[in-house]
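S.K.: If you scroll down you'll find the structure; I have some questions about it.
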Amino acid sequence: MTNAVGTRAVFGVIVPSTNTVVEHDYWKAGLPGITYRAGSMYIPNPVMGDDNDFQALLGQIRASIDTAVRDALTAEPDRMVMGMSAETFWGGVHGNAAFEQRLRDRTGLPVTTGASSCRAALHELGCRRIAVFSPYQPIADKEVGAFFTEAGFEVAAITGLRCPTAMDIARVPPDRLRQVVASLDGPDIEAIVQVGTNLSFVALADELERELGKPVIAINSATLWHALREHGLHDRVEGSGRLLREH
């Protein structure tokens, strides 16, 4: 027994201090015996209105991640989950691998990141030609596209919502996200992938998959799926997309 409420697993979840969505999405899955301990990366200046702002935001994340990891480790988790996606795509496949290795070295634990989770999900679902959207600025979308291309996928289109602050990511309404998905979809698109963990998209992605008849991957569903399956847990979850429901 890991502890009285996390009888099967405790996941340490590293999130920006501005993020209000990741923990909500994980808890909403209603997984018995699994609990989460968040470590928060302090974001004193959440502005991300252009490429320079976005790079500055990443600088704040890099400056505070060690403290967030330190705090999460005090709960003695079984796995670390990165609940912020942009940093995990930075530098392509090699950059993601290096980031994961640094986190494993720091914690001594297995690691789940958004980039690796999305790659594993697409392989599991048998999809190669994809369209992607994010809340980011162009500099970050370029990194996301490069990762998927290096990982062997064909990125047909990528759209960034250009959110002006980190908090505004969580304020994007469902109808706007529906519009974005509609603009990206087409008969040649095998899957649509959403990145940016503070976008509230899990429930809508589940609806859109049924409407479009193809995978629509919400990154928070992908990271939870990856953490569970890599940890030997095979729970099936309703309402969070095909990945967690069928795979």
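S.K.: Restricting to segment 96-125, and then to whatever is of a type in the set (G, A, S) and in contact (Cβ under 8 Å) with a residue 24 or more places away in the chain, can you tell me which residue is most open to solvent (accessible area, probe 1.4 Å)? Quick ask: steps written out before the conclusion?
M.R.: So the first thing to find is which residues in segment 96-125 are of a type in the set (G, A, S), and the list is 97-98, 108, 114-117, 120-121.
Then drop every residue that is not in contact (Cβ under 8 Å) with a residue 24 or more places away in the chain, which leaves 114-117, 120-121.
Values: G114: 1, A115: 0, S116: 11, S117: 0, A120: 33, A121: 0 Å².
The extreme case among them is A120.
S.K.: Which residues, taken from segment 89-138, are more than 20 Å from H231 (Cα to Cα) and among the hydroxyl-bearing types (S, T, Y)?
M.R.: Of everything in segment 89-138, those that are more than 20 Å from H231 (Cα to Cα) and among the hydroxyl-bearing types (S, T, Y) turn out to be S134, Y136.
S.K.: State all residues of segment 102-126 that are more than 18 Å from the chain's Cα centre (by Cα) and not charged (D, E, K, R); if no residue qualifies, say none.
M.R.: Hits for segment 102-126 are T107, G108, L109, G126.
S.K.: Mind listing just one residue for me: the one in segment 103-139 that is in a helix (DSSP H, G or I) and in contact with an Asp or Glu (Cβ under 8 Å, 6 or more places away or on another chain) and, of those, farthest from G49 (Cα to Cα)?
M.R.: R106
S.K.: Being hydroxyl-bearing (S, T, Y) and crowded, with 23+ Cβ neighbours inside 10 Å is the filter here; which residues of segment 167-212 pass it? Can you show your working first?
M.R.: Quick first cut of segment 167-212, residues hydroxyl-bearing (S, T, Y) only: 183, 197, 200.
Result: T197, single match.
S.K.: Okay, moving on. Evaluate segment 144-151: report whether one residue or more is farther than 29 Å from P173 by Cβ, within 17 Å of the chain's Cα centre (by Cα) and in a loop (DSSP other than H, G, I, E, B). Reasoning before the result, please.
M.R.: Here is the first cut: in segment 144-151, the residues farther than 29 Å from P173 by Cβ are 146, 149-151.
The next check asks that each one be within 17 Å of the chain's Cα centre (by Cα); those that pass are 146, 151.
Cutting the leftovers down to in a loop (DSSP other than H, G, I, E, B) gives us 151.
Checked segment 144-151: at least one residue is farther than 29 Å from P173 by Cβ, within 17 Å of the chain's Cα centre (by Cα) and in a loop (DSSP other than H, G, I, E, B).
S.K.: Tell me, please, whether a residue that is in contact with a Pro (Cβ under 7 Å, 6 or more places away or on another chain) and over 13 Å from V193 (Cα atoms) can be found in segment 134-156.
M.R.: Narrowing segment 134-156 to residues in contact with a Pro (Cβ under 7 Å, 6 or more places away or on another chain): none.
Within segment 134-156, not a single residue is in contact with a Pro (Cβ under 7 Å, 6 or more places away or on another chain) and over 13 Å from V193 (Cα atoms).
S.K.: Can P164 be described as touching a residue at least 24 places away in the same chain (Cβ under 8 Å), open to solvent by 10 Å² or more (accessible area, probe 1.4 Å) and under 18 Å from P16 (Cβ atoms)? Walk me through how you get there before you give the answer.
M.R.: Working: touching a residue at least 24 places away in the same chain (Cβ under 8 Å): yes; open to solvent by 10 Å² or more (accessible area, probe 1.4 Å): yes; under 18 Å from P16 (Cβ atoms): yes.
So P164 passes the test.
S.K.: Related question: When you scan segment 154-238 for strands (runs of 3 or more DSSP E) that lie fully inside it, which ones turn up with 1 or more residues that are within 15 Å of the chain's Cα centre (by Cα) and of a type in the set (V, I, T)? Before you say what the answer is, go through the steps one by one.
M.R.: Numbers: elements: 154-160, 191-194, 216-218.
Of the strands (runs of 3 or more DSSP E) lying wholly inside segment 154-238, those with at least 1 residues that are within 15 Å of the chain's Cα centre (by Cα) and of a type in the set (V, I, T) span 191-194, 216-218.
S.K.: While we're here: It is to be established whether one or more residues within segment 219-237 are in contact (Cβ under 8 Å) with a residue 12 or more places away in the chain, out of contact with any Ser or Thr (no Cβ under 9 Å at 6 or more places or on another chain), open to solvent by 20 Å² or more (accessible area, probe 1.4 Å) and within 16 Å of P174 (Cα to Cα).
M.R.: no
S.K.: List pairs: first in segment 44-72 and within 17 Å of V13 (Cα to Cα), second assigned to a helix (DSSP H, G or I), Cβ under 7 Å, 6+ apart or cross-chain?
M.R.: I61/E87; V69/R106; V69/T107
S.K.: A follow-up question, please. Let me spell it out: the conditions are (1) free of Cβ contacts under 8 Å to residues at least 24 places away in the same chain; (2) within 24 Å of T2 (Cα to Cα), and P77 meets all of them except one. Which number is the exception?
M.R.: (1)
S.K.: From the list A166, A182, exactly one residue is closer than 28 Å to A72 by Cβ and among the aliphatic types (A, V, I, L, M). Which is it?
M.R.: Working: A182 fails: closer than 28 Å to A72 by Cβ.
Selected residue: A166, the only one of A166, A182 that is closer than 28 Å to A72 by Cβ and among the aliphatic types (A, V, I, L, M).
S.K.: Sort out for me the strands (runs of 3 or more DSSP E) sitting completely within segment 2-90 that have 2 or more residues that are open to solvent by 10 Å² or more (accessible area, probe 1.4 Å). Quick ask: steps written out before the conclusion?
M.R.: Values: elements: 9-16, 34-41, 79-82.
In segment 2-90, the matching strands (runs of 3 or more DSSP E) lie at 34-41.
S.K.: Could you figure out which of (1) over 25 Å from R79 (Cβ atoms); (2) of a type outside the set (D, E); (3) out of contact with any Pro (no Cβ under 9 Å at 6 or more places or on another chain) isn't true of V202?
M.R.: It is condition (1) that V202 fails.
The values are calculated or read from the model by the stated rules, or taken from the named source; none is laboratory data. Quick caveat: nothing in here was measured; it's all calculated off a predicted structure. Using ideal geometry, Cβ is built from the backbone for each residue, glycine included, and neighbour counts are taken over all protein chains shown. These area figures cover heavy atoms from the full protein model, side chains too; ligands, DNA and RNA do not enter into them. Shrake-Rupley method; radii C 1.70, N 1.55, O 1.52, S 1.80 Å.
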